[in-house]
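Below is one structure. I have some questions about it.
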Amino acid sequence: MTHLFLIRHGETDWNVEGRWQGQADVPLNARGRAQAARMAETLRGLDLQAIYASDLVRARETAEALAAVHGLEVRLDARLREIHQGEWQGLLVGEIEARYAARFHERRRDPLNVAPPGGETVAGVQARVVAFLQEVVARHPGQTLAIVAHGFVLAVALVVYRQRPIDEVWQLIPENGVPVELDIPDARPAGCSGGGD
């Protein structure tokens, strides 16, 4: 069994404003840096073997706080990036609804299969996250790891490995800087029930 600590990056100004970040490279704000430091201190006593993170700056900065405490390097992987929101990145919900009314309502009706213009589907995120986790579990069987990424990406991992319906993904998004534990068997991971492998 590989034991994971899934950690959502600390807060950004766009989190506070309600802007859809997607893969825009937004840094942590002061509160986000404090959350990262607090998380690192909370996990100080762990015997971590590796720390993986999204290569976006908000995740990398959060992971670096943990790495400093444990004397480990941060291993960056673009597959841990947030869902790509395409043309909607940087916008508020009201702006998206006003500018992209038809697509916004289509996505609201079918959020699993409809992507923003130039963006990514839920199935696309699931495919890359599962591929990453399969590799990591094969590389670190029975070890304890930290994975620092983004809310939606971590929720997808939780849905898949807890074998929950994919439409529960939005209820499983972790809070900024708060670790969530997940055990993954050292065999091939289970597929997602109800969701677009």
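The values are calculated or read from the model by the stated rules, or taken from the named source; none is laboratory data. Here the structure is a predicted model, which means the values were calculated and not measured. Cβ sites come from the backbone with ideal geometry, for glycine too, and all protein chains shown count toward neighbours.
Listed here are the residues, each with its yes/no results for (1) within 14 Å of the chain's Cα centre (by Cα); (2) of a type in the set (Asp, Glu).
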| residue | (1), (2) |
| --- | --- |
| Ile83 | yes, no |
| Glu87 | no, yes |
| Val93 | no, no |
| Asn113 | no, no |
| Gly119 | no, no |
| Gln126 | yes, no |
| Val129 | yes, no |
| His150 | yes, no |
| Arg164 | no, no |
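Here are some residues: Ala146, Ala102, Ala138, Ala131. Which one is farther than 22 Å from Ala78 by Cα and either of a type outside the set (Asp, Glu) or modelled with pLDDT of 95 or more (or both)? Quick ask: steps written out before the conclusion?
Working: Ala146 fails: farther than 22 Å from Ala78 by Cα; Ala138 fails: farther than 22 Å from Ala78 by Cα; Ala131 fails: farther than 22 Å from Ala78 by Cα.
Residue meeting the stated conditions: Ala102.
Filter segment 170-197 down to residues that are modelled with pLDDT of 95 or more, under 24 Å from Leu28 (Cβ atoms) and either of a type in the set (Phe, Trp, Tyr) or not in a loop (DSSP other than H, G, I, E, B) (or both), then give me how many there are.
5
So is Asp47 within 24 Å of Thr2 (Cα to Cα) and of a type in the set (Asp, Glu) or not? Give the derivation first.
Values: within 24 Å of Thr2 (Cα to Cα): yes; of a type in the set (Asp, Glu): yes.
Judged against the criteria, Asp47 is a match.
Could you check Ala36 against (1) of a type outside the set (Ser, Thr, Tyr); (2) out of contact with any strand residue (DSSP E or B) (no Cβ under 6 Å at 6 or more places or on another chain); (3) closer than 21 Å to Leu133 by Cα and say which number it fails?
Here Ala36 meets the rest and fails (3).
If only one of Arg38, Arg79, Arg58 is over 16 Å from the mean Cα position of the chain (by Cα) and modelled with pLDDT of 95 or more, which one is it? Full working, then the answer.
On the way: Arg79 fails: over 16 Å from the mean Cα position of the chain (by Cα); Arg58 fails: over 16 Å from the mean Cα position of the chain (by Cα).
Every option except Arg38 fails the conditions.
For the structure I just gave you, tell me whether Ala68 is surrounded by 15 or more Cβ atoms within 10 Å (Cβ to Cβ), among the small types (Gly, Ala, Ser) and either in contact with a helix residue (DSSP H, G or I) (Cβ under 8 Å, 6 or more places away or on another chain) or more than 20 Å from Ala155 (Cβ to Cβ) (or both).
Numbers: surrounded by 15 or more Cβ atoms within 10 Å (Cβ to Cβ): no; among the small types (Gly, Ala, Ser): yes; either in contact with a helix residue (DSSP H, G or I) (Cβ under 8 Å, 6 or more places away or on another chain) or more than 20 Å from Ala155 (Cβ to Cβ) (or both): yes.
Against the criterion (surrounded by 15 or more Cβ atoms within 10 Å (Cβ to Cβ), among the small types (Gly, Ala, Ser) and either in contact with a helix residue (DSSP H, G or I) (Cβ under 8 Å, 6 or more places away or on another chain) or more than 20 Å from Ala155 (Cβ to Cβ) (or both)), Ala68 does not qualify.
Still on this structure, I have one more. Counting only residues that are β-branched (Val, Ile, Thr) and touching a residue at least 12 places away in the same chain (Cβ under 8 Å), give me the helices (runs of 4 or more DSSP H) lying completely in segment 1-106 with at least 2 of them.
Answer list for segment 1-106: 57-70, 93-99.
Filter segment 98-133 for residues that are loosely packed, with under 14 Cβ neighbours inside 10 Å and closer than 30 Å to His3 by Cβ and give the result.
Ala131
Among the residues of segment 71-92, which ones are surrounded by fewer than 19 Cβ atoms within 10 Å (Cβ to Cβ) and hydrophobic (A, V, I, L, M, F, W, C)?
Leu72, Leu76, Ala78, Leu92
I would also like to ask the following. Among (1) within 17 Å of the chain's Cα centre (by Cα); (2) surrounded by fewer than 16 Cβ atoms within 10 Å (Cβ to Cβ); (3) of a type in the set (A, V, I, L, M, F, W, C), there is one condition Trp20 misses while meeting the rest; what is its number?
With respect to (1) within 17 Å of the chain's Cα centre (by Cα); (2) surrounded by fewer than 16 Cβ atoms within 10 Å (Cβ to Cβ); (3) of a type in the set (A, V, I, L, M, F, W, C), Trp20 is out only on (2).
Next up: When residues of segment 114-137 are filtered for being closer than 16 Å to Ile51 by Cα and in contact (Cβ under 8 Å) with a residue 12 or more places away in the chain, how many remain? Even if it seems obvious, please write down each step before you answer.
Going residue by residue through segment 114-137, those that are closer than 16 Å to Ile51 by Cα are 129, 132-137.
From the residues that got through so far, the ones that are in contact (Cβ under 8 Å) with a residue 12 or more places away in the chain too are 129, 132-134, 136-137.
Number of matching residues: 6.
Next question, about the same structure. Which one of these does Arg164 not meet: (1) of a type outside the set (Ser, Thr, Tyr); (2) part of a helix (DSSP H, G or I); (3) free of Cβ contacts under 8 Å to residues at least 40 places away in the same chain?
Failed condition: (2).
Now for a different question. Within segment 1-20, which residues are of a type in the set (Ser, Thr, Tyr) and either over 14 Å from Leu133 (Cα atoms) or at pLDDT below 95 (or both)?
As a first pass, look at segment 1-20 and keep what is of a type in the set (Ser, Thr, Tyr): 2, 12.
Within segment 1-20, just Thr12 meets the criteria.
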